[in-house]
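Taking it in order: structure first as structure tokens, then the write-up.
The values are calculated or read from the model by the stated rules, or taken from the named source; none is laboratory data. A quick note: this is a predicted structure, and the numbers were derived from the prediction, not measured. Note: ideal-geometry Cβ built from the backbone for every residue, glycine included; neighbour counts use all protein chains shown. Side chains included, ligands, DNA and RNA excluded: accessible areas come from the protein's heavy atoms. Shrake-Rupley method; radii C 1.70, N 1.55, O 1.52, S 1.80 Å.
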Amino acid sequence: MNRSICITCGTQYALMENDPEGCTICREERQYVNPEGQEWTTLEKMQEGKQFQNQVIEEERGLYSITTAPSFGIGQTAYIVQQGGFNLMWDCISYLDSQTINRIMDLGGLHAIALSHPHYYSTQVEWAEAFNVPIYIHEDDQQWVMRNSEFIHFWSGETLELASGLTIYRLGGHFKGGAVLHSESGNDGRGLLLTGDIIQVVADQEWVSFMYSYPNLIPLPANKVKEMADKVKPLKFNGIYNAFHKKVVTQADRAVQKSAERYIKALKGQLFHT
């Protein structure tokens with residue numbers, strides 16, 4: 001009996017006698033099946049091989065990034081947000097070992113885990129069990145949970161305050177329950193938004209973008225992008241960190257609004273010169 005992990009996306013499945021026939025997450029149009037075929041591993045195999053190591057880096061006061069080297073699965077970054085004595089892990093990565101647990105305990109441990117969308121659920125239950133903390137996922141994405149647990153709490157509505165000044169906002173878009181995290185005290189009190197890739201920081205890091213599928217380049221409709229931008233417009237945040245260690249570190253709230261305007265113009269054919 002194993003809890004299989006998809007090598008392409010890093011999602012862990014429930015305890016089974018055999019590997020699943022295929023990965024539900026990768027077979028869906030927002031992800032992809034590896035052209036070389038479906039492959040599986042387990043957390044135990046990853047730990048035994050001693051190939052992987054997690055890097056915990058202080059990005060700024062009250063914010064730490066966690067990445068796996070060499071890169072595994074989608075290669076996303078998870079974050080620990082510290083606010084008022086409350087430590088939240090935002091999004092998740094597949095690899096976990098005792099060294100990582102000890103490092104995080106040195107930072108005060110965790111009080112909760114929250115997820116932006118299903119592509120980063122990975123081994124979230126392993127993390128919750130290791131730190132004995134709840135996992136918060138929007139109920140609109142409940143169908144994409146491949147390993148159920150009593151640690152998982154499905155929240156509803158448009159916002160969820162986890163601690164004073166630390167609030168999740170459901171934006172939808174990439175996934176129906178797609179969410180971002182707003183920290184009022186982050187970025188030295190100027191506000192911080194952690195977005196996964198619900199809002200994606202692009203190569204020109206003064207801009208962001210929005211997509212239904214990133215690997216398959218399927219855009220979102222203009223009305224949805226406007227709705228997402230409108231939901232975060234009242235929030236003050238000077239910085240954005242996405243799931244791939246890219247960031248907007250000045251006037252990020254303005255960057256979201258001007259990027260949404262540019263995106264909508266592009267979809268309407270108003271950005272091009274022929």
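Tally time: how many residues in region 15-33 are surrounded by 15 or more Cβ atoms within 10 Å (Cβ to Cβ) and closer than 15 Å to T123 by Cβ?
2
What's the number of the condition G269 fails, among (1) without any contact (Cβ under 8 Å) to a residue 40 or more places away in the chain; (2) under 23 Å from D140 (Cβ atoms)?
For G269, the failing item is (2).
Out of region 39-68, which residues are outside any strand (DSSP E or B) and either among the hydrophobic types (A, V, I, L, M, F, W, C) or without any contact (Cβ under 8 Å) to a residue 60 or more places away in the chain (or both)?
E39, T42, L43, E44, K45, M46, Q47, E48, G49, K50, Q51, F52
Can you tell me which residue within region 140-164, out of those that are outside any loop (DSSP other than H, G, I, E, B), of a type in the set (A, V, I, L, M, F, W, C) and within 17 Å of the chain's Cα centre (by Cα), is farthest from R27 (Cα to Cα)?
Selected residue: L162.
Can you give me the number of residues within region 58-69 that are open to solvent by 30 Å² or more (accessible area, probe 1.4 Å) and over 21 Å from R190 (Cα atoms)?
1
Does A203 satisfy the criteria of being open to solvent by less than 10 Å² (accessible area, probe 1.4 Å) and either within 30 Å of G62 (Cα to Cα) or among the aliphatic types (A, V, I, L, M) (or both)?
Here the answer is no, as A203 does not meet what is asked.
Under the condition of being in contact with a strand residue (DSSP E or B) (Cβ under 8 Å, 6 or more places away or on another chain) and not hydroxyl-bearing (S, T, Y), which residue from region 211-232 is surrounded by the fewest Cβ atoms within 10 Å (Cβ to Cβ)?
Across region 211-232, the extreme among qualifying residues is L217.
Pairs under 6 Å by beta carbon, first residue within 22 Å of I137 (Cα to Cα) in region 180-191, partner in a helix (DSSP H, G or I) and open to solvent by 60 Å² or more (accessible area, probe 1.4 Å), six or more apart or different chains?
Qualifying pairs under 6 Å: none.
Test each condition in (1) open to solvent by less than 10 Å² (accessible area, probe 1.4 Å); (2) farther than 23 Å from G73 by Cβ for A179 and report the one that comes out false.
Only one criterion in (1) open to solvent by less than 10 Å² (accessible area, probe 1.4 Å); (2) farther than 23 Å from G73 by Cβ is unmet by A179, namely (2).
Which condition does Y136 not pass, out of (1) open to solvent by 50 Å² or more (accessible area, probe 1.4 Å); (2) under 15 Å from the mean Cα position of the chain (by Cα); (3) under 23 Å from N223 (Cα atoms), if it passes all the others?
If we test Y136 against (1) open to solvent by 50 Å² or more (accessible area, probe 1.4 Å); (2) under 15 Å from the mean Cα position of the chain (by Cα); (3) under 23 Å from N223 (Cα atoms), just (3) comes out false.
Report, by residue number, each residue of region 81-122 that is surrounded by fewer than 23 Cβ atoms within 10 Å (Cβ to Cβ) and hydrophobic (A, V, I, L, M, F, W, C).
Of everything in region 81-122, those that are surrounded by fewer than 23 Cβ atoms within 10 Å (Cβ to Cβ) and hydrophobic (A, V, I, L, M, F, W, C) turn out to be F86, I101, I104, M105, L107, L110, A112.
Can E36 be described as outside any loop (DSSP other than H, G, I, E, B), over 26 Å from Q142 (Cα atoms) and open to solvent by 50 Å² or more (accessible area, probe 1.4 Å)?
No.
Can you find a residue that is assigned to a helix (DSSP H, G or I), open to solvent by 50 Å² or more (accessible area, probe 1.4 Å) and free of Cβ contacts under 8 Å to residues at least 60 places away in the same chain anywhere in region 236-252?
no
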